[in-house]
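Structure first, commentary second.
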Amino acid sequence: MTLLAAHDVSVTYRRRGGQPVAALEGVSLGIDPGEFVVAVGASGCGKTTLLKLLAGFLEPDQGAVTLAGKALAGPGRERGVVFQDDALFPWLSVRRNVEFGPRLAGLSAAERQASCGRMLALVGLAEFAEHKIWELSGGMRQRVGLARALANEPAILLMDEPLGALDALTREKMQELLIEVWARTRQSVFLITHSVEEAVFLASRIVVLSPRPGRITAEFPCRFATRLLAGESSRAIKSDPAFIALREQVLAAVLRGATA
Ligand SMILES: Nc1ncnc2c1ncn2[C@@H]1O[C@H](COP(=O)(O)OP(=O)(O)O)[C@@H](O)[C@H]1O
Ligand SMILES: [Mg+2]
(Lines give C-alpha, C1' and ligand atoms only; values in the text may rest on other atoms or scores of the structure.)
(Ligands and ions follow the chains in the order given, each with its own letter.)
Protein backbone atom coordinates (compact mmCIF):
# COMPACT_ATOMS: atom_id res chain seq x y z
CA MET A 1 0.00 0.00 0.00
CA THR A 2 1.16 3.53 -0.75
CA LEU A 3 2.68 4.99 2.38
CA LEU A 4 2.41 8.72 1.83
CA ALA A 5 0.54 10.35 -1.02
CA ALA A 6 -0.52 13.71 -2.38
CA HIS A 7 -3.74 13.49 -4.40
CA ASP A 8 -4.23 16.23 -6.97
CA VAL A 9 -3.03 18.92 -4.55
CA SER A 10 -2.93 22.64 -5.28
CA VAL A 11 -1.46 25.44 -3.18
CA THR A 12 -1.70 29.15 -3.96
CA TYR A 13 0.09 31.68 -1.78
CA ARG A 14 -1.87 34.92 -1.46
CA ARG A 15 0.06 37.85 -0.11
CA ARG A 16 -1.59 41.12 0.69
CA GLY A 17 -0.88 43.59 -2.11
CA GLY A 18 0.94 40.98 -4.26
CA GLN A 19 -0.09 38.67 -7.10
CA PRO A 20 -1.19 35.21 -5.95
CA VAL A 21 1.50 32.58 -6.58
CA ALA A 22 0.33 29.16 -7.81
CA ALA A 23 3.06 27.18 -6.03
CA LEU A 24 1.53 23.77 -6.88
CA GLU A 25 -1.29 22.81 -9.20
CA GLY A 26 -2.81 19.38 -9.58
CA VAL A 27 0.17 17.48 -8.16
CA SER A 28 -0.25 13.76 -7.44
CA LEU A 29 2.55 11.69 -5.97
CA GLY A 30 2.52 8.41 -4.08
CA ILE A 31 5.52 7.10 -2.16
CA ASP A 32 5.60 3.35 -1.54
CA PRO A 33 7.35 1.68 1.42
CA GLY A 34 11.08 1.41 0.76
CA GLU A 35 11.14 3.89 -2.12
CA PHE A 36 13.73 6.66 -2.33
CA VAL A 37 11.88 9.37 -4.23
CA VAL A 38 13.86 12.46 -5.20
CA ALA A 39 12.19 15.65 -6.45
CA VAL A 40 14.27 17.94 -8.65
CA GLY A 41 13.41 21.24 -10.24
CA ALA A 42 14.51 24.84 -10.61
CA SER A 43 14.29 27.18 -7.66
CA GLY A 44 10.70 28.33 -7.04
CA CYS A 45 8.96 25.35 -8.65
CA GLY A 46 7.21 24.32 -5.44
CA LYS A 47 9.51 21.61 -4.06
CA THR A 48 9.51 22.92 -0.50
CA THR A 49 5.77 23.52 -0.67
CA LEU A 50 5.26 19.86 -1.63
CA LEU A 51 7.47 18.71 1.25
CA LYS A 52 5.57 20.92 3.71
CA LEU A 53 2.30 19.35 2.53
CA LEU A 54 3.70 15.84 3.00
CA ALA A 55 5.06 16.81 6.43
CA GLY A 56 1.67 18.25 7.42
CA PHE A 57 3.05 21.75 8.06
CA LEU A 58 0.76 23.11 5.36
CA GLU A 59 -2.70 22.14 4.10
CA PRO A 60 -3.53 22.12 0.39
CA ASP A 61 -6.14 24.53 -0.98
CA GLN A 62 -7.40 21.63 -3.06
CA GLY A 63 -6.76 17.90 -3.00
CA ALA A 64 -5.64 15.78 -0.08
CA VAL A 65 -2.59 14.20 1.52
CA THR A 66 -2.87 10.70 2.96
CA LEU A 67 -0.65 8.57 5.17
CA ALA A 68 -1.33 4.83 4.81
CA GLY A 69 -4.64 5.75 3.17
CA LYS A 70 -5.83 8.07 5.97
CA ALA A 71 -6.17 11.85 5.64
CA LEU A 72 -3.26 13.63 7.27
CA ALA A 73 -3.87 15.58 10.46
CA GLY A 74 -0.83 17.83 10.83
CA PRO A 75 2.79 16.86 11.54
CA GLY A 76 3.57 13.53 13.19
CA ARG A 77 6.41 11.39 14.50
CA GLU A 78 6.04 8.87 11.70
CA ARG A 79 7.44 11.51 9.33
CA GLY A 80 10.99 12.62 10.14
CA VAL A 81 11.90 15.98 8.62
CA VAL A 82 15.45 17.18 7.83
CA PHE A 83 16.10 20.66 6.45
CA GLN A 84 19.19 22.17 4.83
CA ASP A 85 19.64 24.36 7.86
CA ASP A 86 20.17 21.63 10.44
CA ALA A 87 17.81 23.23 13.03
CA LEU A 88 19.69 21.61 15.94
CA PHE A 89 20.03 23.05 19.43
CA PRO A 90 23.62 24.36 19.29
CA TRP A 91 24.11 24.55 23.07
CA LEU A 92 23.10 20.93 23.67
CA SER A 93 25.24 17.85 23.17
CA VAL A 94 24.84 15.56 20.19
CA ARG A 95 23.19 13.03 22.51
CA ARG A 96 20.66 15.54 23.88
CA ASN A 97 19.74 16.59 20.35
CA VAL A 98 19.22 13.01 19.16
CA GLU A 99 17.26 12.10 22.31
CA PHE A 100 14.99 15.10 21.95
CA GLY A 101 12.16 13.30 20.10
CA PRO A 102 12.27 10.12 22.19
CA ARG A 103 12.26 12.27 25.35
CA LEU A 104 9.11 14.09 24.16
CA ALA A 105 7.58 10.71 23.35
CA GLY A 106 8.15 9.63 26.96
CA LEU A 107 10.73 6.90 26.39
CA SER A 108 12.71 5.85 29.48
CA ALA A 109 16.32 6.96 29.92
CA ALA A 110 17.55 3.45 29.10
CA GLU A 111 15.44 3.25 25.93
CA ARG A 112 16.56 6.72 24.87
CA GLN A 113 20.18 5.87 25.40
CA ALA A 114 19.89 2.63 23.44
CA SER A 115 18.17 4.26 20.48
CA CYS A 116 20.57 7.22 20.50
CA GLY A 117 23.54 4.83 20.47
CA ARG A 118 22.09 2.92 17.51
CA MET A 119 21.36 6.06 15.51
CA LEU A 120 24.76 7.64 16.16
CA ALA A 121 26.46 4.41 15.10
CA LEU A 122 24.36 4.38 11.94
CA VAL A 123 25.53 7.87 10.94
CA GLY A 124 29.14 7.28 12.04
CA LEU A 125 29.11 9.59 15.08
CA ALA A 126 29.34 7.07 17.92
CA GLU A 127 32.35 8.84 19.46
CA PHE A 128 30.79 12.28 19.33
CA ALA A 129 27.78 11.77 21.60
CA GLU A 130 29.01 14.21 24.26
CA HIS A 131 30.25 16.90 21.87
CA LYS A 132 28.34 20.16 21.64
CA ILE A 133 26.77 20.98 18.26
CA TRP A 134 28.85 24.14 17.92
CA GLU A 135 31.99 22.01 18.01
CA LEU A 136 31.03 20.05 14.87
CA SER A 137 31.60 20.62 11.15
CA GLY A 138 28.68 21.21 8.76
CA GLY A 139 28.71 17.62 7.52
CA MET A 140 28.70 16.27 11.06
CA ARG A 141 25.81 18.53 12.00
CA GLN A 142 23.79 17.18 9.08
CA ARG A 143 24.54 13.67 10.32
CA VAL A 144 23.22 14.63 13.76
CA GLY A 145 20.09 16.02 12.06
CA LEU A 146 19.64 12.71 10.29
CA ALA A 147 20.18 10.72 13.51
CA ARG A 148 17.70 12.94 15.32
CA ALA A 149 15.05 12.33 12.64
CA LEU A 150 15.77 8.57 12.67
CA ALA A 151 15.55 8.38 16.47
CA ASN A 152 11.77 8.75 16.23
CA GLU A 153 11.74 5.63 14.04
CA PRO A 154 9.69 7.35 11.36
CA ALA A 155 7.99 5.47 8.53
CA ILE A 156 9.44 8.01 6.10
CA LEU A 157 12.16 10.64 6.03
CA LEU A 158 11.37 13.96 4.35
CA MET A 159 14.48 15.94 3.46
CA ASP A 160 14.62 19.41 1.90
CA GLU A 161 18.01 20.00 0.23
CA PRO A 162 19.76 18.38 3.20
CA LEU A 163 23.18 18.52 1.55
CA GLY A 164 22.82 21.91 -0.13
CA ALA A 165 25.20 23.77 2.17
CA LEU A 166 28.05 21.23 2.10
CA ASP A 167 31.28 21.33 0.12
CA ALA A 168 31.59 18.87 -2.79
CA LEU A 169 33.69 16.25 -0.97
CA THR A 170 31.55 16.20 2.16
CA ARG A 171 28.46 16.16 0.00
CA GLU A 172 29.50 13.00 -1.80
CA LYS A 173 30.31 11.29 1.50
CA MET A 174 26.86 12.27 2.80
CA GLN A 175 25.20 10.94 -0.35
CA GLU A 176 26.90 7.60 0.29
CA LEU A 177 25.75 7.70 3.91
CA LEU A 178 22.14 8.42 2.89
CA ILE A 179 22.14 5.41 0.58
CA GLU A 180 23.59 3.19 3.32
CA VAL A 181 21.08 4.42 5.89
CA TRP A 182 18.25 3.91 3.42
CA ALA A 183 19.37 0.35 2.74
CA ARG A 184 19.99 -0.56 6.39
CA THR A 185 16.80 0.90 7.81
CA ARG A 186 14.64 0.04 4.77
CA GLN A 187 13.28 3.52 5.30
CA SER A 188 11.14 5.31 2.74
CA VAL A 189 12.67 8.61 1.74
CA PHE A 190 11.42 11.74 -0.01
CA LEU A 191 14.31 14.08 -0.74
CA ILE A 192 14.50 17.41 -2.53
CA THR A 193 17.54 18.65 -4.36
CA HIS A 194 18.32 21.02 -7.19
CA SER A 195 21.34 18.89 -8.13
CA VAL A 196 20.35 16.57 -10.97
CA GLU A 197 23.48 14.48 -10.44
CA GLU A 198 22.57 13.97 -6.78
CA ALA A 199 19.03 12.96 -7.78
CA VAL A 200 20.25 10.34 -10.26
CA PHE A 201 22.75 8.97 -7.74
CA LEU A 202 20.36 8.65 -4.79
CA ALA A 203 16.91 7.97 -6.17
CA SER A 204 14.95 4.85 -6.85
CA ARG A 205 12.54 7.24 -8.61
CA ILE A 206 12.98 10.83 -9.75
CA VAL A 207 10.13 13.30 -10.14
CA VAL A 208 10.77 16.53 -12.04
CA LEU A 209 8.84 19.64 -11.03
CA SER A 210 8.32 22.68 -13.23
CA PRO A 211 7.40 26.16 -12.02
CA ARG A 212 4.43 28.52 -12.45
CA PRO A 213 2.36 26.63 -11.67
CA GLY A 214 4.36 23.93 -9.90
CA ARG A 215 3.61 20.60 -11.55
CA ILE A 216 5.21 17.20 -11.94
CA THR A 217 6.26 17.09 -15.59
CA ALA A 218 8.38 13.93 -15.76
CA GLU A 219 9.27 10.79 -13.79
CA PHE A 220 12.27 8.49 -14.13
CA PRO A 221 12.90 5.15 -12.45
CA CYS A 222 16.49 4.88 -11.28
CA ARG A 223 18.79 2.26 -9.70
CA PHE A 224 22.33 3.53 -9.37
CA ALA A 225 22.22 3.48 -5.55
CA THR A 226 22.04 -0.31 -5.62
CA ARG A 227 25.41 -0.34 -7.39
CA LEU A 228 26.96 1.61 -4.53
CA LEU A 229 25.50 -0.95 -2.13
CA ALA A 230 27.01 -3.72 -4.26
CA GLY A 231 30.45 -2.20 -3.69
CA GLU A 232 31.04 0.03 -6.71
CA SER A 233 32.60 3.44 -6.00
CA SER A 234 30.68 6.72 -6.32
CA ARG A 235 33.21 7.99 -8.82
CA ALA A 236 32.87 4.90 -11.02
CA ILE A 237 29.07 5.11 -10.93
CA LYS A 238 28.89 8.84 -11.65
CA SER A 239 31.26 8.58 -14.62
CA ASP A 240 29.49 5.56 -16.14
CA PRO A 241 27.96 6.43 -19.56
CA ALA A 242 24.57 5.05 -18.41
CA PHE A 243 24.64 7.42 -15.44
CA ILE A 244 25.63 10.39 -17.59
CA ALA A 245 22.91 9.57 -20.14
CA LEU A 246 20.17 9.54 -17.50
CA ARG A 247 21.59 12.67 -15.87
CA GLU A 248 21.35 14.51 -19.20
CA GLN A 249 17.81 13.22 -19.77
CA VAL A 250 16.67 14.44 -16.37
CA LEU A 251 18.47 17.75 -16.83
CA ALA A 252 16.71 18.22 -20.17
CA ALA A 253 13.36 17.63 -18.44
CA VAL A 254 14.24 20.19 -15.74
CA LEU A 255 15.31 22.78 -18.34
CA ARG A 256 12.22 22.17 -20.51
CA GLY A 257 10.05 23.00 -17.51
CA ALA A 258 12.13 25.97 -16.44
CA THR A 259 11.91 27.66 -19.85
CA ALA A 260 8.32 26.69 -20.72
N1 LIG B 1 5.01 31.76 2.34
C2 LIG B 1 4.98 32.15 1.06
N3 LIG B 1 4.28 33.24 0.67
C4 LIG B 1 4.26 33.61 -0.62
N5 LIG B 1 4.86 32.97 -1.63
C6 LIG B 1 5.58 31.87 -1.32
C7 LIG B 1 5.67 31.41 0.05
N8 LIG B 1 6.46 30.28 0.06
C9 LIG B 1 6.80 30.08 -1.22
N10 LIG B 1 6.29 31.02 -2.05
C11 LIG B 1 6.44 31.07 -3.53
O12 LIG B 1 5.91 29.85 -4.05
C13 LIG B 1 6.73 29.35 -5.09
C14 LIG B 1 7.24 27.97 -4.71
O15 LIG B 1 8.08 28.08 -3.58
P16 LIG B 1 8.86 26.84 -2.95
O17 LIG B 1 7.90 25.76 -2.66
O18 LIG B 1 9.67 27.36 -1.82
O19 LIG B 1 9.80 26.40 -4.17
P20 LIG B 1 11.22 25.63 -4.21
O21 LIG B 1 11.40 24.95 -2.92
O22 LIG B 1 11.09 24.70 -5.38
O23 LIG B 1 12.27 26.67 -4.47
C24 LIG B 1 7.84 30.38 -5.28
O25 LIG B 1 7.46 31.25 -6.34
C26 LIG B 1 7.88 31.10 -3.94
O27 LIG B 1 8.33 32.42 -4.12
MG1 LIG C 1 12.93 25.01 -1.50
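The values are calculated or read from the model by the stated rules, or taken from the named source; none is laboratory data. Computed from a prediction, not measured in an experiment: that's the story for all the values here. So basically every Cβ, Gly included, is an ideal-geometry build from the backbone, and we count neighbours across all protein chains shown.
If we scan segment 196-217, do we find a residue that is away from ligand 1 (no atom under 16 Å from the Cβ), at pLDDT 90 or above and hydroxyl-bearing (S, T, Y)? Within segment 196-217 (the criterion being away from ligand 1 (no atom under 16 Å from the Cβ), at pLDDT 90 or above and hydroxyl-bearing (S, T, Y)), the answer is yes, since at least one residue qualifies.
Looking at segment 37-46, is at least one residue away from ligand 2 (no atom under 16 Å from the Cβ) and either of a type in the set (G, A, S) or more than 19 Å from the chain's Cα centre (by Cα) (or both)? Checking segment 37-46: not a single residue is away from ligand 2 (no atom under 16 Å from the Cβ) and either of a type in the set (G, A, S) or more than 19 Å from the chain's Cα centre (by Cα) (or both). If you filter segment 147-160 down to residues that are in contact with a Phe, Trp or Tyr (Cβ under 9 Å, 6 or more places away or on another chain) and part of a helix (DSSP H, G or I), you find that the one that is nearest to L191 (Cα to Cα) is R148. Condition check for E78 on (1) touching an Asp or Glu at 6+ places or on another chain (Cβ under 8 Å); (2) away from ligand 1 (no atom under 15 Å from the Cβ): one failure, at (1).
Yes or no, residue by residue, for (1) away from ligand 1 (no atom under 13 Å from the Cβ); (2) within 23 Å of T185 (Cα to Cα); (3) surrounded by 14 or more Cβ atoms within 10 Å (Cβ to Cβ):
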residue: T12; (1), (2), (3): no, no, yes
residue: G18; (1), (2), (3): no, no, no
residue: A22; (1), (2), (3): no, no, yes
residue: V40; (1), (2), (3): no, no, yes
residue: K47; (1), (2), (3): no, no, yes
residue: A55; (1), (2), (3): no, yes, yes
residue: Q84; (1), (2), (3): no, yes, yes
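Summed over segment 47-65, residues that are more than 27 Å from R247 (Cα to Cα), within 16 Å of ligand 2 (Cβ to nearest atom) and out of contact with any helix residue (DSSP H, G or I) (no Cβ under 9 Å at 6 or more places or on another chain) total 2. Among all residues of segment 177-185, there is none that is buried (at least 21 other Cβ atoms within 10 Å of the Cβ) and within 16 Å of ligand 1 (Cβ to nearest atom).
Let's see how each residue does on (1) within 16 Å of ligand 2 (Cβ to nearest atom); (2) among the acidic types (D, E); (3) touching a residue at least 40 places away in the same chain (Cβ under 8 Å); (4) outside the structural domain of Q62 (by TED's automatic domain parsing):
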position: Q175; (1), (2), (3), (4): no, no, yes, no
position: S204; (1), (2), (3), (4): no, no, yes, no
position: A225; (1), (2), (3), (4): no, no, yes, no
position: A230; (1), (2), (3), (4): no, no, no, no
position: E248; (1), (2), (3), (4): no, yes, no, no
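Yes or no, residue by residue, for (1) more than 19 Å from L191 (Cα to Cα); (2) touching a residue at least 40 places away in the same chain (Cβ under 8 Å); (3) outside the structural domain of Q187 (by TED's automatic domain parsing); (4) not in a loop (DSSP other than H, G, I, E, B):
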{"residue": "R103", "(1), (2), (3), (4)": "yes, no, yes, yes"}
{"residue": "Q113", "(1), (2), (3), (4)": "yes, no, yes, yes"}
{"residue": "E127", "(1), (2), (3), (4)": "yes, no, yes, yes"}
{"residue": "W134", "(1), (2), (3), (4)": "yes, yes, yes, yes"}
{"residue": "R141", "(1), (2), (3), (4)": "no, yes, yes, yes"}
{"residue": "G145", "(1), (2), (3), (4)": "no, yes, yes, yes"}
{"residue": "P162", "(1), (2), (3), (4)": "no, yes, no, no"}
{"residue": "A165", "(1), (2), (3), (4)": "no, yes, no, no"}
